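Everything on this sheet refers to the single structure shown next.
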Amino acid sequence: MGVVRDIFIGLSENKILNDASKQIGLRFGAQKVVGGTGVNDTLKRLADINNQGMSVTFDNLGEFVSDRSEAEKEKNNIIKMIRESHKAGLDAHASVKLSQIGLGIDETFCYNNIKEIMEAAKEANMFVNLDMENYLSKEQSLTILDKLLEEYDNVGTVIQAYFYDAKKEVRKYKNIRTRLVKGAYKEPDTIAYQSKEDIDQSYFEIIKTHLVEGDGFTSIATHDHNIIEKTIRFIETQKISKDKFEFQMLYGFRKDYQQDLVARGYNMCVYVPYGTDWYAYFMRRLAERPQNLNLVVKSLTSS
Ligand code: FAD
């Protein structure tokens, strides 16, 4: 399994394939997990999901941008999607990766970009989630978040359960809207749990803490049915109101389960990545779960 994972991670980092994929549009089954390449096709996808009783969060694909003009272009793309989805009356919010709008270039430049996004979101009465990336960018991201929180109440972030200090962090942000995840990046054992068992345990702990200790809205972002059902049992015994939390899953994953949770009366928010930079995202999803290769096989056999 490790070999297959490494192959897809290698493919995700291949610059020639990344550049080529921008020219050809969604291929090889990527359309099942990416909402669209442009604003209009993505808006249609977002509306479809809303019509199934689920809210959406959109993510303009692309990360670790190292060029100022590129970062500004991405900022403008995000602002455009905020305005257009608001105009379309969608139940939507924005997920933003700070490395896409200049975090790796200069912190002040990045802060000014996210401020512009926050202003557009405020006008649209929309929430903005700062996605969390690797440990190296975490401290800078939290500094920016703390500064934004002095001025805005429509911003929140992600806490990654694999970090040893996740529980401390979840207490710090217990009163703001927070997405809780297991954590997606490879981090060393000096700072992060490594085994699935430890990560799952830490994850369930931070879910409980965020749900009961503060009054911030909790987004439980996972495809793991064991964690979800355990959380539901906890919520029922603690009599926690359904409007205090939601489940989140990625677009195209466990669609039946998403609908099942909606039918059971839970809030479900679907995370929809979109844009021409779809290739690395798609390869990482294949690396994470090689069973997703059936998307590729189906796309090749049905065309
Ligand atoms: P896993 O531990 O991958 O899976 C647990 C079990 O669930 C599996 O063994 C299997 O039985 C079942 N399962 C999982 N996937 C499927 C499937 N597709 N079909 C059927 N069964 C399945 N990470 C970050 O670091 N930063 C972020 O900002 C961030 N945002 C995220 C936003 C959303 C909406 C989601 C869903 C994830 C996000 N992540 C983020 C990724 C997250 O940290 C995990 O890496 C990712 O969700 C995989 O872990 P998991 O919780 O889904 O469960």
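Rule-based calculations on the coordinates, nothing more; no lab input. A quick note: this is a predicted structure, and the numbers were derived from the prediction, not measured. Using ideal geometry, Cβ is built from the backbone for each residue, glycine included, and neighbour counts are taken over all protein chains shown.
Structure values in brief
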read-out	value
Dipole moment magnitude, nearest 20 debye, the stretch 98-253 about Cα centre, only Lys, Arg, Asp, Glu C-beta charged	520
Estimated [θ] at 222 nm from DSSP helical runs (n ≥ 4, -39500 (n - 2.57)) normalised by residues in the chain, nearest 500	-16000 deg cm²/dmol
Against the rule of thumb 2.2 N^0.38 Å, how large the Cα Rg of the stretch 27-87 comes out	1.23
Those chymotrypsin sites (Phe, Trp or Tyr not before Pro) in the stretch 22-101 that DSSP places in a loop and that have at most 15 other beta carbons within 10 Å	Phe64
Local electrostatic count at Leu90 - Lys and Arg +1, Asp and Glu -1, tallied over other residues with Cβ under 13 Å	+1
Calculated on alpha-carbon atoms, Rg and Dmax of the stretch 129-242 in Å	13.8, 39
Eligible aspartates and glutamates near Lys239 by straight Cα distance, threshold 20 Å, same-chain separation 8 or greater	Glu205, Glu213, Asp215, Glu229
Cross-link table Lys32/Lys138; Lys97/Lys122; Lys122/Lys174; Lys87/Lys182, entries beyond 25 Å C-alpha to C-alpha	Lys32/Lys138; Lys87/Lys182
Cβ-Cβ FRET estimate between Gln238 and Phe109, R0 fixed at 51 Å, reported to 0.05	0.70
Inter-centroid distance (Cα atoms) of the stretch 203-221 relative to the stretch 102-133, Å	24
Percent of Cα pairs exceeding the 27 Å cut-off, where the set is the stretch 35-274	33
Around Gly183: net Lys/Arg minus Asp/Glu count, Cβ-Cβ under 11 Å	+1
